[in-house]
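Asker: There's a structure below that I have some questions on.
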Amino acid sequence: MQPQTTPHLPTVNKEKGWKVWWMLLRPHTLSAAFIPVTIGTVLALHEGSIKLSLFIAMLVASILIQAATNMFNEYFDYKRGLDNENSVGIGGAIVRNGIKARTVLNLAFIFFGIATLIGLYICLMSSWWVAVIGIICMLAGYFYTGGPIPIAYTPFGELVAGFFMGNVIILIAFFIQTETVTMKSFLISLPIALLVGAILTANNIRDLDGDKENGRKTLAILLGKKNSIIFLAGMFLTAYFIIFILLFSGLTSFWTLLVLLSTPKAFKAVKLFIGKTLPIEMMPAMKATAQTNVQFGFLLAIGLFIGHYL
């Protein structure tokens, strides 16, 4: 669920062959599906044994939904004239690499269809309530850039993406293994939700000028660039602060402090935004933000895993 538009930039190289289809998936975003599922499953270990088949099914379904959401983003941004062949930060399958827009849209729906079939298996193995939540997740993915008022064009993009890709996925992954949801699982999902939101904030800072020209009302536009960078730093700090709260309250072990190893990357992300004006100059900051999410998430999962056995 990531807006990916930036006009008025130097020409971006075209991809060829299989790389066109690979870039259409926007692979750098797929960690937003992998990490929450892993964390939710590791948390379930604290409650008892887990079913590996459910973990794999949930993982594949989440990745398919994320990839489909990326395709909807590409399709609808293209249809609204927000993307061109010089746009930075998008897959570019339509505007640069010649894939038909309808093909991208159909592939997104196919991915949704496969995810739905996998979801049926998950429901049979857990609860049919998962189907309700899954449908809501897919609708959120579609309406993120689809529909008359796309969520991505409003100040609520960070909130919606963080909630579904952070809180909800972790809680579903936990629920299908344990058939319950605990306060601990919810609290541990909070920093991940914040860091997913941080990726959106970074994207919107990079795209601020172009989004403003195209009539978007993102949070970054409302706050302004300087305040948005401060807001991004605040999201990072809050995510780490929550880990300390969980530790001191006895809900997690000392091993969760492994997430502190990701702080240099978070600091780098904020620092790289300062003083930059062109979108292409802010790409390293956006990438560092995404890398912070990946590092934090993996380290948290490892810390929870080690803490369970030690």
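Asker: Could you order peptides 291-298, 163-170 by the average number of other Cβ atoms within 10 Å of their residues, highest first?
Answerer: Answer by packing, highest mean first, reads 163-170, 291-298.
Asker: Per residue, how big is the convex hull around the C-alpha atoms of the stretch 207-252? Give it to me in cubic angstrom, could you?
Answerer: Each residue corresponds to 78 Å³ of Cα convex hull volume.
Asker: Count the net charge of all other residues whose Cβ sits under 15 Å from the Cβ of Gly48, scoring Lys and Arg as +1 and Asp and Glu as -1.
Answerer: Net charge around Gly48: 0.
Asker: Also: Filter the DSSP H helices in the chain by two things, a Kyte-Doolittle mean of at least 0.5 and an axial alpha-carbon span of 24 angstrom or more, and list the hits by number.
Answerer: 52-79, 101-125, 183-206, 225-248, 279-309
Asker: Averaged per residue, what accessible surface does the chain expose to a 1.4 Å probe, in Å²?
Answerer: Ligands and nucleic acids excluded, the result is 44 Å² per residue.
Asker: What per residue convex hull volume, in Å³, do the alpha-carbon atoms of the chain yield?
Answerer: Convex hull volume per residue, Cα atoms: 120 Å³.
Asker: Turning to a different aspect of this structure: Binning every alpha carbon pair distance of the stretch 163-214 at 5 Å from zero, what are the percents per bin?
Answerer: Percent of pairs per bin, in order: 5, 20, 21, 15, 11, 10, 8, 6, 4, 1.
Asker: I'd like the FRET efficiency for Ile306 and Val132, computed as 1/(1 + (r/R0)^6) with the beta carbon distance as r and R0 of 41 Å, rounded to 0.05.
Answerer: 0.75
Asker: For the chain, what is the calculated [θ] at 222 nm in deg cm²/dmol (nearest 500), taking -39500 (n - 2.57) for each run of four or more DSSP H residues and dividing by its residue count?
Answerer: Mean residue ellipticity, 222 nm, calculated: -22000 deg cm²/dmol.
Asker: Right, next: Just the Kirkwood number for the stretch 101-233, please: inverse of mean 1/r across all distinct Cα pairs, in Å, one decimal.
Answerer: Result for the stretch 101-233, one decimal place: 16.4 Å.
Asker: What whole-number value in cubic angstrom gives the convex hull volume per residue for the C-alpha atoms of the stretch 223-310?
Answerer: 78
Asker: Something else: Of the peptides 25-31, 283-289, 198-204, how do they stack up when ordered by the mean number of other Cβ atoms within 10 Å, highest first?
Answerer: So the peptides 25-31, 283-289, 198-204, ranked by packing, come out 198-204, 283-289, 25-31.
The values are calculated or read from the model by the stated rules, or taken from the named source; none is laboratory data. The model shown is predicted, which means the values in this text are computed figures rather than measured ones. Here Cβ is always computed from backbone atoms with ideal geometry, including for glycine, and neighbour counts include all displayed protein chains. For accessibility, only protein heavy atoms count, side chains too; no ligands or nucleic acids. Shrake-Rupley method; radii C 1.70, N 1.55, O 1.52, S 1.80 Å.
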